[in-house]
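Engineer: Mind having a look at this structure? Questions to follow.
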Amino acid sequence: MALLSLRNVTRRFGGIVALDGVSFDVGEGQIVGLIGPNGAGKTTAFNVITRLYTPNEGEVEFAGENLLKAPVHGIVRRGIARTFQNVELFRTMSALENVLVGAHTRGRDSEQQALEALDYVGLAPIARRAVAGLPFGTLKRVELARALVAQPTLLLLDEPAGGLNHEEVAELGRFIRQIRDDRKLTVLLVEHHMNLVMGISDHVHVLNFGRQIAGGTPAEVRANPAVIEAYLGTDDTHAGGNGAGSAHAGEPVARDPDGAA
Ligand SMILES: Nc1ncnc2c1ncn2[C@@H]1O[C@H](COP(=O)(O)OP(=O)(O)OP(=O)(O)O)[C@@H](O)[C@H]1O
Ligand SMILES: [Mg+2]
């Protein structure tokens, strides 16, 4: 059963059509990849799902409910949590304080939950440190803890491998699977590291210039000529499509940590 469904979602910014009639489902309990070149509309899809942006057209359904009727502050309570491509943390606050922002309630219990979430992502030792100056990969993990403390049923990860080296990316792939299994949640994953996405996703959707050009199992998507043409490249090891800022599958991504390609 689909936990999340987008139907003919269009979102324009002036003359740019960031999402152009996009429809896809995310099945409950699955890890679903959302891939495509820079500017394809992946982050915009996350912003629509989390109600930061309202689509010009189309429907978004989550757990059988029309999500477009939900206010932005009601999204976490409905069970959707996310991390951000560029990391959105309060830099002068500690890791713990940042994670507490994601908790539903305040007080001793939520502090305990926030500490547990930090421990779960391996950051207990730095819980009370200000996040300013921490490496980008660590900041991404603080955000992951903040998302998890909300106890979501749907976790949206926007380029979680940013700032990680080759081994760390492989470890992250195992960890995302473990999170899905431990917490019985559904994951929608945006990432340019093709080995990561193809290695852990049950299903992959591909966007290009706001349009969905393919969807299927990782093997189906990898073999799809339109995807190879737009994004993966002919030797099946490179992803990027748009040239500058493109990623090399299986390699650390040569992109600015702030996502500016
Ligand atoms: N708030 C906004 N205002 C104007 N244009 C926007 C806005 N958000 C996104 N866009 C435009 O919409 C298009 C899709 O952007 P989006 O950030 O969704 O791409 P993406 O697939 O996440 O790319 P990347 O892989 O580089 O992160 C781009 O042309 C982008 O410039
Ligand atoms: Mg993006």
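Engineer: Since S94 meets every condition but one in (1) touching a Phe, Trp or Tyr at 6+ places or on another chain (Cβ under 9 Å); (2) more than 16 Å from ligand 2 (Cβ to nearest atom); (3) among the polar types (S, T, N, Q), which condition does it not meet?
Structural biologist: Evaluating S94 over (1) touching a Phe, Trp or Tyr at 6+ places or on another chain (Cβ under 9 Å); (2) more than 16 Å from ligand 2 (Cβ to nearest atom); (3) among the polar types (S, T, N, Q) leaves (1) as the failure.
Engineer: Next up: So, of the residues in the range 45-55 that are of a type in the set (A, V, I, L, M) and buried (at least 19 other Cβ atoms within 10 Å of the Cβ), which turns out to be nearest to ligand 2 (Cβ to nearest atom)?
Structural biologist: Top of the filtered list is A45.
Engineer: Which condition does D25 not pass, out of (1) of a type in the set (D, E, K, R); (2) assigned to a helix (DSSP H, G or I); (3) modelled with pLDDT of 95 or more, if it passes all the others?
Structural biologist: Result: D25 fails condition (2) only.
Engineer: Could you pull out the residue among R91, R82 that is buried (at least 16 other Cβ atoms within 10 Å of the Cβ) and either farther than 15 Å from V149 by Cα or modelled with pLDDT of 95 or more (or both)?
Structural biologist: After ruling out the rest, the residue left standing is R82.
Engineer: Could you grab the pairs with beta carbons closer than 8 Å, sequence gap of 6+ or different chains, first residue in the range 23-44 and near ligand 2 (Cβ under 10 Å from one of its atoms), second one of a type in the set (S, T, N, Q)?
Structural biologist: Note: pairs meeting the criteria are G36/N208; N38/N242; N38/S246; G39/N242; A40/N208; T43/Q85.
Engineer: Let me ask something additional. Kindly list, by first and then second residue, each pair from a residue in the range 185-212 that is more than 16 Å from ligand 2 (Cβ to nearest atom) to a residue that is among the basic types (K, R), limited to pairs with Cβ atoms under 6 Å and residues at least 6 apart or on different chains.
Structural biologist: Here the result reads V187/R180; I200/R177, each pair linking the range 185-212 to a residue that is among the basic types (K, R).
Engineer: Filter the range 28-55 down to the residues that are part of a loop (DSSP other than H, G, I, E, B) and over 24 Å from M1 (Cβ atoms) and list them by number.
Structural biologist: Within the range 28-55, G36, P37, N38, G39, A40, G41, L52, Y53, T54 qualify.
Engineer: Next question, about the same structure. Given the structure, is L100 surrounded by 15 or more Cβ atoms within 10 Å (Cβ to Cβ) and within 26 Å of L67 (Cα to Cα)?
Structural biologist: yes
The values are calculated or read from the model by the stated rules, or taken from the named source; none is laboratory data. Note that the structure is predicted; figures quoted are calculated from it, not measured. Reconstructed Cβ throughout: ideal geometry from the backbone, glycine too, with neighbour counts over all protein chains shown.
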